[in-house]
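Below you'll find the structure, written out as structure tokens, and then a few comments.
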Amino acid sequence: MEPDAGTSTPGRISRDDVAYVARLARLNLTDSELDGFTGQLADVLDHAADIEALDLDGVAPTSHPLPLSNVFRADVPTVGPADEADHRLFCDEVLAAAPAAEESRFRVPPVLGEAP
Amino acid sequence: MSAVSLAGAVRSGERSARSIVEEHLAAVADGEGQIHAFNLVTADAALERADRVDAVVAQGGDPGPLAGVPVALKDNMCTRGVPTTCGSRILDGWRPPYDATVVERLDAAGAVIIGKTNMDEFAMGSSTENSAFGPTLNPCDTTRVPGGSSGGSAAAVAAGFTPLSLGSDTGGSIRQPAALCGVVGVKPTYGAVSRYGLVAFASSLDQIGPFARNVADAALLLEAVAGHDPLDSTSIPASAPDLLGVLDRGVEGLRVGVIEEISGSGPTGLEGFAPDVQSRLAEAAEALAAAGAVVEKASVPSTVFGLSAYYVIAPAEASSNLARFDGVRFGLRVDADNTVEMNAATRTAGFGDEVKRRIMLGTYALSAGYYDAYYGKSQKVRTLIVEDFARAYQSFDLLLSPTAPTTAFPIGEKVDDPMLMYLNDVCTIPSNLAGHPAMSVPFGVGDDGLPVGVQVLAPANGEPSMFRAAAVLEAAAGGSAGVAP
């Protein structure tokens, strides 16, 4: 984020921070929602401040409880669930669950500028 | 009747699966109006399935270890062609194109799925008040919450709607509602049960597990759904552990440590534990000692930081996982002039407040400039917790704590104060961060007459000894739990 970039002990989350984060997360907030969420997020982050005091130098981060390694399937060609007909049926089922589909694709409103 | 007896009766031809399913559907019809445990009851499909189970028995076959036993599924497990909502408006109308692995395992074991249970939206909550479809009420006292996020699954079992259900547990979402509703709830070792088809909340923490009215039934269900699944890359490459076979082995010689920091008994620990909950924990420890276990105080110091780390790590993972709900491929779409505005309009209308809070919290914690301060530090705290547990398990086989700091609280009491709500999870979160199994066993009631749960914790893959201790606690508490017959 722009404000305070690079600091290790951030200040209290501001209303502007929340508005910025909401925009990143594709959420539209009303003014009163913005006020409410700012206080609530600050409470949670204040609680997290108790780990500020810990000496964590030299501690390795844990991102996952298991010693994970990549899992590979056998290197044989597959087409969908079983065969091509099944695959088409599966695609049809997936597309049928979409809000809008056209020609075997998900249909969305214009992404860039005006629609052609 | 227990799930173990029901399955036995169906397999031997003594009872029909149809009669069992009809009996439970009647209980649902009778009591669901007061409890709201379900988002969907699949009565017709359940009866058809029961008939197929009965047909197998009639032909001399064995339908499997869960023959004819009703099971309810938390509504974040995909069921092909059957609505799966995650308690959210954003999945409105969505029918998954495939079954979760647990659904296939239940089918292979002869179980009968009777419906999808209510939950906090996307499993974010500790009271089931965050469901878009209204709260579930606690069958022990309908003015109280059932806990959460798997409150519907816990309530369905406690109310006698089903002998078994599955929930998911990211920070306590199986164990805490089990404690508050007076039933058994198990979070297995991370990777013990396939998460294929479980809608992800926080992928490094999520785990599916059973609810039941007694320890043996929970073991029966866990045995049926556990075991390696190539479709989940985090699945442990081992077969399901034998649990029913070891249940009666007792705890003679097992070393059990009561975690001071998360039971309100240590000088440096957390506060806020109700005295009646602490008394039941002390009695549970005595019961294990009386059965031959060596019970002592244990210290797992960094567990006090679990809550802080969790409420950074889980929202961070959630903010990424929930990015997929954008109005393009499934569920709700709110139209707008361009795709970015459509994404935002859809997410704004589709998500409830708690989900929005966590997405924003996670987005903030992962953003440049704050990543190291929040997410990076939390991951290091996670390491401390893993190391502290490892040290404790050099001296102990099992650990003990309350499951939740209090009995079930009144509906509405904490829903407007997220931080107060999060404090419900202080005892359960450390096991998720470490990836260890833990289970809640009902152990008496509090001063208000509501159930108290005791949590048994074990190291990774320690389910067999964890279940042995649970069975001893159950016997000491006076048999199986729940308010239902």
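Within region B:328-372, how many residues are touching a residue at least 40 places away in the same chain (Cβ under 8 Å) and of a type in the set (Val, Ile, Thr)?
Going through region B:328-372 one residue at a time, the tally reaches 4.
Of all residues in region B:396-424, count the ones that are touching a Gly at 6+ places or on another chain (Cβ under 6 Å) and either of a type in the set (Phe, Trp, Tyr) or at pLDDT below 95 (or both).
1
Among the residues of region B:317-358 satisfying the criterion of being more than 7 Å from chain A (Cβ to nearest Cβ) and of a type in the set (S, T, N, Q), which is farthest from the chain's Cα centre (by Cα)?
The residue in question is B:THR346.
Being in contact with a Lys or Arg (Cβ under 9 Å, 6 or more places away or on another chain) and within 27 Å of B:LEU198 (Cα to Cα) narrows it down to one residue among B:ALA345, B:ALA293; which is it?
Step by step, each of B:ALA345, B:ALA293 is checked, and only B:ALA345 is in contact with a Lys or Arg (Cβ under 9 Å, 6 or more places away or on another chain) and within 27 Å of B:LEU198 (Cα to Cα).
Kindly provide the set of residues from region B:189-204 that are under 19 Å from B:ALA458 (Cα atoms) and within 12 Å of another protein chain (Cβ to nearest Cβ), ordered by number.
B:THR189, B:TYR190, B:GLY191, B:ALA192, B:SER204
Only one of these is more than 7 Å from chain B (Cβ to nearest Cβ) and not acidic (Asp, Glu): A:LEU24, A:LEU29. Name it.
Checking each option against the conditions leaves just A:LEU29.
Can you tell me which residue within region B:427-461, out of those that are touching a Gly at 6+ places or on another chain (Cβ under 9 Å), of a type outside the set (S, T, N, Q) and assigned to a loop (DSSP other than H, G, I, E, B), is farthest from the other protein chains (Cβ to nearest Cβ)?
Result: B:LEU450.
Quick one: B:PHE273 ticks every box in (1) surrounded by fewer than 24 Cβ atoms within 10 Å (Cβ to Cβ); (2) farther than 28 Å from A:THR62 by Cβ except a single one, so which number is it?
Status for B:PHE273: all satisfied but (2).
Going through region A:7-21 one residue at a time, which ones are of a type in the set (A, V, I, L, M) and more than 7 Å from chain B (Cβ to nearest Cβ)?
If the condition is that a residue be of a type in the set (A, V, I, L, M) and more than 7 Å from chain B (Cβ to nearest Cβ), then A:ALA19 is the only one that fits.
Among the residues of region B:327-335, is there at least one that is under 29 Å from B:VAL386 (Cα atoms) and at pLDDT 95 or above?
Checking region B:327-335: not a single residue is under 29 Å from B:VAL386 (Cα atoms) and at pLDDT 95 or above.
What is the residue count in region B:72-96 for residues that are crowded, with 24+ Cβ neighbours inside 10 Å and either part of a strand (DSSP E or B) or assigned by TED's automatic domain parsing to the domain that holds B:ASP425 (or both)?
Of the residues in region B:72-96, 4 are crowded, with 24+ Cβ neighbours inside 10 Å and either part of a strand (DSSP E or B) or assigned by TED's automatic domain parsing to the domain that holds B:ASP425 (or both).
Working carefully through the options B:THR303, B:THR363, find the one that is more than 8 Å from chain A (Cβ to nearest Cβ), polar (S, T, N, Q) and either buried (at least 20 other Cβ atoms within 10 Å of the Cβ) or outside any helix (DSSP H, G or I) (or both).
B:THR303
Could you please give the count of residues in region B:419-433 that are touching an Asp or Glu at 6+ places or on another chain (Cβ under 9 Å) and surrounded by 24 or more Cβ atoms within 10 Å (Cβ to Cβ)?
Final tally of qualifying residues: 4.
Can you report the number of residues in region B:157-190 which are closer than 15 Å to B:ARG105 by Cβ and not in a strand (DSSP E or B)?
Summing the residues that are closer than 15 Å to B:ARG105 by Cβ and not in a strand (DSSP E or B) in region B:157-190 gives 1.
Being surrounded by fewer than 21 Cβ atoms within 10 Å (Cβ to Cβ), at pLDDT 95 or above and small (Gly, Ala, Ser) is the requirement here; does B:ALA344 meet it?
yes
Where the second residue is of a type in the set (Lys, Arg) and the first is under 22 Å from B:ALA7 (Cα atoms) and lies in region B:238-252, which pairs have Cβ atoms under 7 Å and are six or more apart or on separate chains?
Pairs found: B:VAL246/B:ARG468; B:LEU247/B:ARG468.
If the requirement is being under 29 Å from B:ASN461 (Cβ atoms), buried (at least 24 other Cβ atoms within 10 Å of the Cβ) and either within 14 Å of chain A (Cβ to nearest Cβ) or in contact (Cβ under 8 Å) with a residue 40 or more places away in the chain (or both), which of these qualifies: B:VAL145, B:VAL183, B:VAL112?
Checking each option against the conditions leaves just B:VAL183.
Contact list please: Cβ distance under 6 Å, first residue in region A:41-67 and more than 7 Å from chain B (Cβ to nearest Cβ), second residue assigned to a loop (DSSP other than H, G, I, E, B) and aliphatic (A, V, I, L, M), pairs at least six apart or on different chains.
A:ALA42/A:ILE13; A:LEU45/A:ILE13
For the condition part of a loop (DSSP other than H, G, I, E, B), within 14 Å of another protein chain (Cβ to nearest Cβ) and either crowded, with 24+ Cβ neighbours inside 10 Å or at pLDDT 95 or above (or both), what is the one hit in B:ASP99, B:ASP62?
After ruling out the rest, the residue left standing is B:ASP99.
Those residues that are at the interface with chain B (Cβ under 7 Å from one of its Cβ atoms) and in contact with a Lys or Arg (Cβ under 9 Å, 6 or more places away or on another chain), I need them from region A:86-95; list them, please.
A:GLU93, A:VAL94
Of all the residues that make up region A:96-111, how many are more than 9 Å from chain B (Cβ to nearest Cβ) and surrounded by 14 or more Cβ atoms within 10 Å (Cβ to Cβ)?
So the count comes out to 1.
Search region B:154-180 for residues that are touching a residue at least 24 places away in the same chain (Cβ under 8 Å) and in the same structural domain as B:ALA212 (by TED's automatic domain parsing) and pair each with any residue that is aromatic (Phe, Trp, Tyr) and in a loop (DSSP other than H, G, I, E, B) when their beta-carbon atoms are under 7 Å apart and the residues are at least 6 apart or on different chains.
Qualifying pairs under 7 Å: B:THR170/B:PHE201.
The values are calculated or read from the model by the stated rules, or taken from the named source; none is laboratory data. Quick caveat: nothing in here was measured; it's all calculated off a predicted structure. A quick note on method: Cβ atoms are made from the backbone with ideal geometry, for glycine too, and the neighbour counts reach across all protein chains shown.
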